[in-house]
Structures are given as structure tokens and as C-alpha cells.
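**Q** Let me give you the structure first, and then I'll get to my questions.
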Amino acid sequence: MPARLAVLINAESRRNRRGAGRHLAAVADADDVLLLERSAGQESAPLLAEALAAGVRVLAVDGGDGTVMRVLTALADLAPVAHWPALALLPGGSSNVTAADLGLPRRDVATLRALRALARGEEGNLTVVGAPLLSVAGGGLRRPLRGFLWGAAGACDLVREWERRCRRRGLVGHLSHLLMLARTAARLALLGPEGTGLAAVRCRPALDGEDWGEGRRLLLVATTLRRLVLGARPWWNRDGRPLALTVVPAPPTAALRLLPRLLAGDDRPPPRLPGGWRSGGGHRATIAGLAEFVLDGELFAADPRTPLEITGEETVRLVRPRSTVGASGFAARPGGR
């Protein structure tokens with residue numbers, strides 16, 4: 001019987017080093033499942049090429065946000081997005097912002113059985129939805145990258161600080177994100193913008209051709225996700241457009257007082273945001289002047305002489321529980337291929 005489901009496991013993940021046996025046991029007797037284990041230093045591309053050649057209908061990716069980003073980028077090198085299998089995101093890494101918004105909430109034997117049924121065309125409690133995919137190109141990059149959450153300026157410092165204070169100590173997941181957010185807000189309140197440890201950068205963002213002007217920015221975030229860590233939605237006036245872009249000025253005038261409202265977001269135009277704070281939805285953003293950025297938790301160097309181009313024009317098919325489809329804002333599509 002040809003494989004209908006492939007399961008890609010990131011063996012480098014601390015969580016998977018402890019729990020990969022459950023996955024092996026769950027699929028050990030299944031001749032319709034292709035198990036792909038990525039070991040330390042191994043590229044995902046050969047494993048994904050094997051899955052595409054086998055004609056799998058569903059590809060389950062078990063790992064963190066960085067693993068998902070590398071899988072998406074490697075798949076884009078191998079085939080157009082329209083030819084990819086449906087993707088099931090299983091939270092199995094240190095950071096799982098993407099899986100929290102777009103993926104499956106559990107990674108147990110029952111989930112794998114449901115995925116096998118979906119791959120055979122039996123939807124059950126799982127279905128396939130279309131979700132916009134982020135593409136990052138330009139900036140001196142060797143090839144376009146794919147992911148769901150992009151950031152620059154202070155976002156890079158936050159990732160480095162999270163790596164140092166949380167990940168290296170084994171503190172991961174939503175609790176680590178909450179602690180980092182609380183620490184940053186407290187330092188902002190007590191020490192001001194200079195005490196947060198976030199470095200501002202001078203750059204020039206634009207959204208769908210509208211120039212947002214050159215200036216010092218403390219934080220830039222672009223995403224196709226509907227919500228970020230802890231359910232935050234720090235963007236306004238998205239109005240159904242695939243890409244959300246938010247730019248925080250330096251210094252962030254009155255940011256602490258308005259922080260709860262700013263993180264809540266809305267599809268309507270923003271109500272009197274602080275000077276220099278810009279937020280909106282679109283299809284294409286360009287950012288000039290950046291020397292580094294972060295995509296799905298991974299840091300990348302960029303050439304500040306060449307603008308980065310961020311788009312949300314591709315649609316990937318994702319497996320989701322039926323109970324979350326209405327709340328996600330994504331449209332359900334038939335399972336399989």
C-alpha cells in the first residue's frame with residue numbers, strides 16, 4: 001500500500017528526544033505511513049523529496065517554529081505550493097507560536113490515528129483549510145524563505161534574550177513567552193525605553209506601495225498568523241488582507257499605558273495610536289535598511305543596501321481540528337489531494 005501520511009520528526013528537539021518513542025510505536029505497524037527522522041546536522045530537503053516522490057497526501061511536521069520554517073522553505077525549493085501535501089503542524093519544539101495558531105493542539109497517538117484517517121480521505125474531526133504563507137526575499141538572501149512570523153529591530157534582541165534566559169535553561173513554551181513579555185514590560189515601566197535592552201534601527205517600511213517613512217523603529221512585526229504568543233493581535237485595520245504589518249517607533253511614546261489595547265488589535269482603523277506607531281493589512285511589504293531579522297524564531301543576516309520584500313500571496317493547506325476552523329478565519333477545504 002502506498003504511503004498516504006508522512007511524519008517528519010526533528011530528532012534535535014529536546015521534547016522529541018524524550019518522546020519520539022510514542023511516534024515510532026504509533027506508526028510501527030502502519031504500512032501507509034512514511035516516518036522521516038531528521039537527525040542533528042541533517043537537511044530536511046532529501047526527506048521531503050522522499051515524501052513528495054511517495055505522493056503522500058498529508059505531511060505531519062513535529063517540531064518547533066524553526067523546524068516548520070525550514071520545512072516550508074525546503075518544500076518551496078522542491079515544488080510549487082499548489083503541489084504540496086496538506087501540512088499538519090504538531091507542537092514538538094521549544095517555541096510553538098505557529099502551531100498554537102495554525103496547528104493541532106495535541107501530539108499523541110490519537111492525533112496520529114486521526115491523521116492517518118484523514119490521509120485515507122476519512123476526515124472525521126480533522127479537516128484541511130487554506131492559510132496564507134509568508135515569503136521573505138531580497139535583502140541579499142540567497143533564496144526566499146517561507147514562514148509565518150517575521151520581525152526586526154527589537155524582535156531580534158527578544159529572540160536572543162529568550163535563547164539566553166529561557167531556552168538554554170530548559171524553560172520553553174508559552175510560560176517562557178509570558179515571562180519575557182512581563183520582564184520587558186516591567187523594564188519599560190521602571191527604566192524607560194533605554195532599559196528594555198531592545199535596540200532601535202533606522203529603516204524605511206512600506207506596505208502595498210504606501211511609504212511609511214524613514215525613521216528609528218523599536219520593533220517591526222509582519223505575519224500571516226491571526227494571533228501571536230498568549231493570543232496577542234498587535235495589528236489594526238487588517239480587514240481580511242493576508243499580511244499584517246506593525247511598526248513601533250523609537251521611543252515608543254505612551255506605549256506602556258496603551259499596551260493592553262495595542263496588543264488586542266482590531267480589524268478597524270486604530271484609535272489615536274501613539275505618534276509613529278503604524279499598523280495595517282496588505283499583500284506586500286518592503287523594508288529598507290535592515291542588517292538582520294528573525295523569521296519563526298530563527299535569526300538571519302541581511303544586506304541593508306537591498307530592501308527586504310515580504311509577501312503573503314501564497315496559500316498553504318493546513319490540517320486543523322474542525323472545532324477551530326470557524327474561529328481561525330481560514331476557509332475549510334476538502335481533505336486529501
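**Q** What order do you get for 46-53, 143-150 when each peptide is scored by the mean count of other beta carbon atoms within 10 Å, highest first?
**A** Details: 46-53: 16.9, 143-150: 21.5.
Ranked from most to least packed, the peptides come out as 143-150, 46-53.
**Q** Determine the shape class of the stretch 60-125: with a ≥ b ≥ c the square roots of the Cα gyration tensor eigenvalues, call it rounded for a/c under 1.5, and otherwise prolate if a/b is greater than b/c, oblate otherwise. Write down the numbers at each step before the final one.
**A** Details: a/c = 2.39, a/b = 1.14, b/c = 2.10.
Verdict is oblate for the stretch 60-125.
**Q** What length, rounded to one decimal in nm, is gained on full extension from Asp31 through to Arg160, with 0.36 nm per residue of separation minus their alpha-carbon distance? All intermediate terms of the calculation are to be shown ahead of the outcome.
**A** Details: separation 129, 0.36 × 129 = 46.44 nm, distance 4.25 nm.
Gain in length upon complete extension: 42.2 nm.
**Q** Here's something else I'd like to know. Which order do the peptides 212-220, 151-159, 84-92 come out in when sorted by mean C-beta neighbours inside 10 angstrom, highest first?
**A** Details: 212-220: 19.0, 151-159: 22.1, 84-92: 25.4.
Per-residue Cβ counts within 10 Å, averaged per peptide and sorted highest first, yield 84-92, 151-159, 212-220.
**Q** Shifting gears a bit: With each pseudo-label sitting 7 Å past Cα toward Cβ, what's the Arg143-Gln42 distance in nm, one decimal?
**A** Result for the modelled spin labels: 1.9 nm.
**Q** Between Asp211 and Arg120, what is the FRET efficiency for a Förster distance of 41 Å, r being their Cβ-Cβ separation, to the nearest 0.05? Each step should come with its number before you reach the end.
**A** Working: r = 51 Å, r/R0 = 1.24.
That gives a FRET efficiency of 0.20.
No value in this document is a laboratory result; all are computed from the given coordinates. Since we're looking at a predicted model, the values are computed, not measured. Because the Cβ atoms are built from the backbone with ideal geometry, glycine has one as well, and the counts that use them run over all protein chains shown.
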